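Visitor: Sharing a structure here in structure tokens format.
The values are calculated or read from the model by the stated rules, or taken from the named source; none is laboratory data. What you see is a predicted model, and the numbers here were worked out from it, not measured in a lab. A quick note on method: Cβ atoms are made from the backbone with ideal geometry, for glycine too, and the neighbour counts reach across all protein chains shown.
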Number of protein chains: 2
Amino acid sequence: MKEILNGITAAKGFTTGAVHCGIRNNPQKKELALIVSETPCSAAAVYTSNQVKAAPLLLNKKHLVDGKAQAIIINSGNANACAINDDLNALRMAEGAAKRLGLKTEDVLAASTGVIGVELPIDKILAGTDAIVLGTDSTDSAKAIMTTDTIVKECAVEFELGGKTVHMGGIAKGSGMIHPNMGTMLCFVTTDAAISSEMIDKALKAKVKKTFNRISVDGDTSTNDMCIVMANGLAGNAEVDAQGADYDAFVNALGYVMQKLAVLIAKDGEGASRLITVKVDGAGTEDQAETIGMSVACSSLLKAAVFGRDANWGRVLCAMGYSDAKFDPSLVDISFASRNGEILVCHNGKGLSFDEDKALSILEPDEIEILINLNEGKESVTCWGCDLTYDYVKINGDYRT
Amino acid sequence: MKEILNGITAAKGFTTGAVHCGIRNNPQKKELALIVSETPCSAAAVYTSNQVKAAPLLLNKKHLVDGKAQAIIINSGNANACAINDDLNALRMAEGAAKRLGLKTEDVLAASTGVIGVELPIDKILAGTDAIVLGTDSTDSAKAIMTTDTIVKECAVEFELGGKTVHMGGIAKGSGMIHPNMGTMLCFVTTDAAISSEMIDKALKAKVKKTFNRISVDGDTSTNDMCIVMANGLAGNAEVDAQGADYDAFVNALGYVMQKLAVLIAKDGEGASRLITVKVDGAGTEDQAETIGMSVACSSLLKAAVFGRDANWGRVLCAMGYSDAKFDPSLVDISFASRNGEILVCHNGKGLSFDEDKALSILEPDEIEILINLNEGKESVTCWGCDLTYDYVKINGDYRT
């Protein structure tokens, strides 16, 4: 497997395009994107665990009952959730794209992200849909789905599947309201692999657990999160319809693309200045390691300490302690690490006296690691978060205005 | 029942005192306090649910096996948790106070709050203990137990119990690392009521659930939280040793004192500029209402919106939706309120168009209310939190240094 260019248009037969349609005032900000396959796709999706689900999610669940889709229409700037006519407008959005493309409405999926509770300007979206020019500029669409994001989130790979060369690419958005429990964002993955929707679904659920469900920006799980994978089969491999070596190759590539996008989301957390990677080793079970790792990645106190480059490991142990996972504090080792080195700050649950200047230097780069060893087993898990900064407060203090 | 002055020395027979002993550099900052009853007390305590428990908590559990205590020695500036010699130093702290007062060590309780993982400077504490002058200045002790707190947290009441006039008062500290699951802070309540330790324990557990467990500043549950109630019986009432009218009067007064202190802690959340009161009405069960209310009070996105005076009710509904409590979003009404008025922003789960200027005015004062009606039952619950501000990040970016 190797990384390649062109995101969601790296796979054969996929085109995309984006326009400014007037949801936002700034004419430079595109807020409507379309992703299309020239042939029908097997498709599967996962959705937010929030009980309050946005209208497009409910629509997509219906449209994916048959495991088939051919296009996705996506807007940013308005979540189409908890708003007047939200269900009707999600349907009209899909209908508009279907009409434009000459497809059945049931083969079009819809996604929205932005402010909750404001009626979707459907006429602007319908006019914008007709104005979209389709091509291969994946980055333009990746930018169009961004809200408070500052980094374009795009990734593609090439790998071998059943003797054929297969391509897979994805784009994602997400910066605030980011917390595990499904997708925690919007993510769209395209591939020219031939694979059944059942096997996509299985692969997607397996990898969401280890990627998007292991990042957190602020502990808030959105109403609109979803991740959709579409596979059009144009690579010509024998369709993957059961587990085995081909399925494993597909899962492996999907996991690579999703992890790359998930880490970009954590790194681009609203206001974030540092990506925090939390590695939990020596755990008895994967669940234990995940619960502990996510509790640490989510601690506001620790996140603020990382922002201030304060090696306040007491907050790591404290966050481990209030998680739902059991462990023996007297066995725990904690280190901080980065490209500037590594320093052990807690051994067997007790603080060590350490070189504060060295710790400060280790916490300087924009990517830092917190290494936890429970010293009770062989399981390990990695989670990702970001620091808590003045800018998070600034961005979220006046999001609607 | 009426409010009176003098906090923890309002009850007959209690004295207190505080000194600067050298844990902090600033000679103006007292960091050691002693609370003493002239006669033995019935006593009970609740402790943090964090698996990592500070040494003084483990000590107090032993010392309260008999339900008796006569003094509490408390330091701020060092948590005596996860540090070299932590258990030994907690014991030595109690021994030092016992020696000073002529009491048995088992009748002295200890509490610490501050940085985790640094060895307690026990010699400074022992010297400080001997230097404390006992008197009736409750406020001085309330200040001595403060860390990043900015508001003194003190309350006292007078009420009738078994035909006698009884006094009860408390002090508390807490500003960061504040989240439900027991005490979420330090709190010390004294009373001259005569009551068995079993009935204190019962009353304390009932009221912690409705007061300290319903506040949140940052979702972090500390290793050191505890709340201790001491009753010396000098009011002369017949000892309360069973449920009934006298017990109810005691619980009522205890709830009043604890709620007052809990709300002060929420209001004094690190960096907070606004107290947020979340009222959930029309719930099917109290648990449902509490889960929903706490989820809203804990949402970083909502807290930042309140700081920015942004009536972003979508974040309220979103936080309700990702809580563990089930409800029907299509029945939900949401209003914002304060002394400047009240405004309905969401009806039957859909956003209303509302006067933004009026909403801005309602969100202006330093105490605002979020009113949620689930419209499905008769239970209601109130929770308290605070906004998320630049200063929270600032305070926690360099706490240790």
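Visitor: With the requirement that a residue be assigned to a loop (DSSP other than H, G, I, E, B) and of a type in the set (A, V, I, L, M, F, W, C), what does segment A:80-112 give you?
Guide: Result: A:81, A:82, A:83, A:84, A:103.
Visitor: Separate question: Can you report the number of residues in segment A:1-31 which are small (Gly, Ala, Ser), surrounded by fewer than 23 Cβ atoms within 10 Å (Cβ to Cβ) and outside any strand (DSSP E or B)?
Guide: Residues that pass the stated criteria total 2.
Visitor: Looking only at residues that are on the phi > 0 side of the Ramachandran plot and surrounded by fewer than 24 Cβ atoms within 10 Å (Cβ to Cβ) in segment B:179-218, which one is modelled with the lowest pLDDT?
Guide: Applying the filter and picking the extreme gives B:182.
Visitor: Output the qualifying pairs, or none if there are none: Cβ atoms under 6 angstrom, residues six or more apart or on different chains, first residue in segment B:295-313 and facing chain A (nearest Cβ under 7 Å), second residue among the small types (Gly, Ala, Ser) and assigned to a helix (DSSP H, G or I).
Guide: Matching pairs, first to second residue: B:299/B:319; B:304/A:397; B:307/A:397; B:308/A:397; B:312/B:305.
Visitor: Restricting segment A:45-58 to residues that are more than 14 Å from every other protein chain (Cβ to nearest Cβ) and surrounded by 24 or more Cβ atoms within 10 Å (Cβ to Cβ), which is farthest from residue A:124 (Cα to Cα)?
Guide: Out of the qualifying residues, it is A:45.
Visitor: Can you report the number of residues in segment B:353-364 which are touching a residue at least 40 places away in the same chain (Cβ under 8 Å) and in contact with a strand residue (DSSP E or B) (Cβ under 6 Å, 6 or more places away or on another chain)?
Guide: 3
Visitor: Let me ask something additional. Those residues that are surrounded by fewer than 19 Cβ atoms within 10 Å (Cβ to Cβ) and farther than 17 Å from residue A:55 by Cβ, I need them from segment A:88-100; list them, please.
Guide: A:99
Visitor: Counting just the residues of segment A:258-273 that are part of a helix (DSSP H, G or I) and in contact with a helix residue (DSSP H, G or I) (Cβ under 9 Å, 6 or more places away or on another chain), which one comes out surrounded by the fewest Cβ atoms within 10 Å (Cβ to Cβ)?
Guide: Ranking the qualifying residues of segment A:258-273, first place goes to A:259.
Visitor: Is at least one residue of segment B:120-127 hydrophobic (A, V, I, L, M, F, W, C), more than 20 Å from residue B:57 (Cβ to Cβ) and either in contact with a Leu (Cβ under 9 Å, 6 or more places away or on another chain) or assigned to a helix (DSSP H, G or I) (or both)?
Guide: Checked against the condition, which is being hydrophobic (A, V, I, L, M, F, W, C), more than 20 Å from residue B:57 (Cβ to Cβ) and either in contact with a Leu (Cβ under 9 Å, 6 or more places away or on another chain) or assigned to a helix (DSSP H, G or I) (or both), segment B:120-127 yields at least one hit.
Visitor: Across segment A:73-126, what is the number of residues that are of a type in the set (Asp, Glu) and more than 14 Å from chain B (Cβ to nearest Cβ)?
Guide: Final tally of qualifying residues: 4.
Visitor: Another question about this same structure. I'd like the full set of residues that are assigned to a loop (DSSP other than H, G, I, E, B) and at positive phi, limited to segment B:338-376.
Guide: B:348, B:349, B:375
Every residue, every condition in (1) under 30 Å from residue A:78 (Cα atoms); (2) crowded, with 23+ Cβ neighbours inside 10 Å; (3) among the β-branched types (Val, Ile, Thr); (4) within 14 Å of another protein chain (Cβ to nearest Cβ), yes or no:
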residue	(1), (2), (3), (4)
A:356	no, no, no, yes
A:369	no, no, no, no
A:376	no, no, no, yes
A:384	yes, yes, no, no
A:397	yes, no, no, yes
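Visitor: Does residue B:357 count as over 31 Å from the mean Cα position of the chain (by Cα), assigned by TED's automatic domain parsing to the domain that holds residue B:305 and either under 17 Å from residue A:397 (Cα atoms) or of a type in the set (Phe, Trp, Tyr) (or both)?
Guide: Against the criterion (over 31 Å from the mean Cα position of the chain (by Cα), assigned by TED's automatic domain parsing to the domain that holds residue B:305 and either under 17 Å from residue A:397 (Cα atoms) or of a type in the set (Phe, Trp, Tyr) (or both)), residue B:357 qualifies.
Visitor: Could you look through segment B:281-326, keep only residues that are among the charged types (D, E, K, R) and crowded, with 23+ Cβ neighbours inside 10 Å, and pick out the one that is modelled with the lowest pLDDT?
Guide: Once the filter is applied, the top-ranked residue is B:315.
Visitor: I need the full set of residues from segment A:60-76 which are more than 14 Å from residue A:42 (Cα to Cα) and buried (at least 24 other Cβ atoms within 10 Å of the Cβ), in order please.
Guide: Of everything in segment A:60-76, those that are more than 14 Å from residue A:42 (Cα to Cα) and buried (at least 24 other Cβ atoms within 10 Å of the Cβ) turn out to be A:73, A:74, A:75, A:76.
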